[in-house]
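Visitor: My structure is below; once you've seen it, I'll send some questions.
Every number here is computed from the coordinates shown, using simple stated rules; none is lab data. Predicted model only: the values in this text are computed from it and were never measured. Counting neighbours? That spans all protein chains shown, and the Cβs are built from the backbone with ideal geometry, glycine included.
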Amino acid sequence: MPDGDSRRLVLKVAIAITGASGGIYARRLLEVLDVEEVLLTMTPDGLDVLKFEEKVAGTLEKFDPAALKPRSPVRYFHYKDYFAPIASGSNAYEGLVIVPCSMNTLGKIAGGISDNLVVRAADTMLKERKKLILVTRETPYSLIHIENMARVTRAGGTILPASPGFYHRPATIQDAVDFVVNKIVRALGLPAVMPDWGK
Ligand SMILES: Cc1cc2nc3c(=O)[nH]c(=O)nc-3n(C[C@H](O)[C@H](O)[C@H](O)COP(=O)(O)O)c2cc1C
């Protein structure tokens, strides 16, 4: 643990935002994730949907992560910047969370396509046997979506759909969001941000 902070984990995590509904999950994840460093990137459609749903400002060229009030230090990279650390297998990041993950990005990853930093980083995580967590958002799923999810799962990725449970009796949207964010944090191998179920 670094001096002066007994809780922050010495760990680097990458987060990518794509053009599915649910930027609120990314925003909340950034708010609670307490690590050494977060690398953030987003696709053009990711930024468009984020702006539409979360009312944040910014451009792909100049996105200020402070708009999302992150708890940890964040380094932002353009989605075409293949000089970013996560474009290479030899990077220091524990894993990549794509949140929300569109069916387009899921399909690209399942097909081995690496034509932007998000899918290239996913490709490197899989080949290096590191954590890749896709917070998918679509309903209903087509067989193509399901087969793509199966393919990524077989390759070592985790499909973590944005489907909150209701057994913890959420009273607000934030409570439902926190349920999913807690699942993401746990899938990264980090301490829960919500109490675990049961005794
Ligand atoms: C408001 C809005 C909401 C969208 N929600 C979803 C969604 O939940 N899931 C999805 O797969 N695509 C969704 N899309 C469509 C994607 O943005 C589109 O397929 C895009 O090509 C995804 O590109 P990306 O994977 O590079 O981000 C949405 C688009 C808009 C404008």
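Visitor: Please label the shape of the chain as rounded, prolate or oblate, based on the square roots a ≥ b ≥ c of the eigenvalues of the alpha-carbon gyration tensor (a/c under 1.5 means rounded; beyond that, a/b larger than b/c means prolate, else oblate).
Guide: Verdict is rounded for the chain.
Visitor: Expressed as a whole number of Å, what is the distance separating the alpha-carbon centroids of the range 142-162 and the range 39-84?
Guide: Comparing the Cα centres of the range 39-84 and the range 142-162, I get a distance of 25 Å.
Visitor: Placing +1 on the Cβ of each Lys and Arg and -1 on the Cβ of each Asp and Glu in the range 1-113, which of TYR82, SER21, GLY58 has its Cα farthest towards the positive end of the resulting dipole?
Guide: Working it through, the farthest residue towards the positive pole turns out to be SER21.
Visitor: Output the pairs from LYS12/LYS127; LYS69/LYS131; LYS51/LYS108; LYS69/LYS108 with a Cα-Cα distance over 27 Å in this structure; if there are none, say none.
Guide: Too far apart for the 27 Å limit: LYS69/LYS108.
Visitor: Further question: Applying a 10 Å radius around every beta-carbon, put 192-198, 151-157 in order of their mean neighbour count, most first.
Guide: Details: 192-198: 10.4, 151-157: 16.3.
Taking the mean over residues of other Cβ atoms within 10 Å, the ranking is 151-157, 192-198.
Visitor: While we're looking at this one, here's another question. With each run of n ≥ 4 DSSP H residues scored as -39500 (n - 2.57), what mean residue ellipticity at 222 nm is computed for the chain after dividing by its residue count and rounding to the nearest 500 deg cm²/dmol?
Guide: Here the helix-only value at 222 nm equals -10000 deg cm²/dmol.
Visitor: Hey, got the dipole for the chain? About the Cα centre, +1 on K and R Cβ, -1 on D and E Cβ, debye to the nearest 20?
Guide: With Lys and Arg at +1 and Asp and Glu at -1, about 380 debye.
Visitor: Same structure again: List the residues, sorted by chain then number, that are 5 or more residues from MET42 or on another chain and whose placed amide H is less than 5 Å from its amide H.
Guide: Amide H neighbours of MET42: ILE17, TYR79.
Visitor: With +1 on the Cβ of every Lys and Arg and -1 on the Cβ of every Asp and Glu, and nothing else charged, how large is the dipole of the range 14-102 about its Cα centre, in debye rounded to the nearest 20? List each step's numbers first, then the result.
Guide: Values: 9 positive and 12 negative charges, 33 e Å.
Taking the Cα centre of the range 14-102 as origin, the dipole is about 160 debye.
Visitor: In terms of modelled amide H atoms, which long-range or inter-chain residues lie less than 5 Å from the amide H of LEU132?
Guide: LEU96, THR158
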